[in-house]
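Read-outs: derived from the displayed coordinates by stated rules, not from any lab. Because the structure is a prediction, the values reported are computed rather than measured. Don't worry about glycine lacking a Cβ; one is built from the backbone with ideal geometry, like all the others, and counts go over all protein chains shown.
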Amino acid sequence: MATAADARVIADQARMRRDLQPIRPDDDAAVELRLLTERRVDLVAERTRTVNRLRSLLTSMFPALERVLDMGTSGALLLLTAYQSPAAIRRTGQRRQTTWLRNRKVRNPEALAARAIEAAERQHTAVAGESAIAKMVLTFAKEVMALNEKIAETDKLIEGRFREHELAEVIQSLPGIGTVLGAEFLVAVGGSLASFPSPDRLAAFAGVTPAPSDSGKISGNLHRPQRYHRRLQRVFYTSALVSIQFDPNSRKFYDRKRAEGKRHTQAVLALARRRVNVLWALLRDRRCYQVTPPAPQRLDFSIGKRRHDRAPACATGRGEGLQRGAGWLPLESAREGPKSVSTASASAGLRDERR
């Protein structure tokens, strides 16, 4: 129970501290996306547990088959719903298995059936309790397939709600950010950047920038942050990792950091930090990311002000969005503060460098 002394301490902290932010309620879209993304996290975690148990059981009974099957594919799971033991696979034969898999629209059924037959030929010994283990393998395989369907349904709901948000096109125009990572970003920031007046504040909240640990006369002592939004950090790190493969600007920035002697993780984190600046500027200016710089601005001397051409709408296609977006911000100019992110050029596209 709060006392007068507690109230005085709280009031004194609110008066003295400058890092406290007012509490802003999330919008309806952010609340719905939070519920959907949390549901998806639970489903993915349950699928991971079930797949691990499935692998453990299959290893105890049929290790050769466990080594050649990818449990992340629907074909392997379908195979396990029909054949679990080496004897059952040998008895069926490769031709019948291929036909059975093809009828269920499994991709490349010939190769999958051949791997299963080859694994069965390596084991002619039945382990104790094989029948009971086979039933459990069947049960877990069906559970994983059911979880995959639930995750796919949740992804559709997330995509539909995310695309209704006013910032969805801008967020998704940045290479590496899809509907799921974009939805998690909106959830983390509460649906807007009202609580983040600068990219530095957003980077600190996401945990992609070092935290100072100064004491006395010692300054410049930085360490890994301990308090940050871990899911938001995952958004920026994962999207940066993906963008290295598909965005030439991100690839150039990553290669430069590697040439400076940075390890892979350090280079990806540096790229994630730079992308915070870019995304913050994009959202501020309501511009889409563009690989190449936009046309130069025209100066209207009749009013003595710069006249900005109207930014074209973001393209709906993933590839078109990189070419037709209006925003562009060279990574070299996207420094760690809002002063270097000018209104004219801070539309956020990483020209020189880059869920």
Exercise for review: Between L157 and D28, with labels modelled 7 Å along Cα→Cβ, what's the label distance in nm to one decimal, could you check?
Suggested key: 1.7
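Which order results if Y83, Y228, Y237 are arranged by neighbouring Cβ count within 10 Å, fewest first?
Sorted ascending by nearby Cβ count, the order is Y228, Y237, Y83.
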Practice item. Provide the gained length on full extension for the span H264 to M136, in nm with one decimal, where the gain is 0.36 nm per separating residue minus the Cα-Cα distance. Key: 42.0 nm
Practice item. Just grab the label-to-label distance for V291 and R234, each label 7 Å out from Cα along the Cβ direction, in nm (one decimal). Key: 3.0
Review point. What spacing in nm lies between the two simple spin-label points modelled at D12 and S215, each 7 Å away from Cα in the Cβ direction?
Key: 2.4
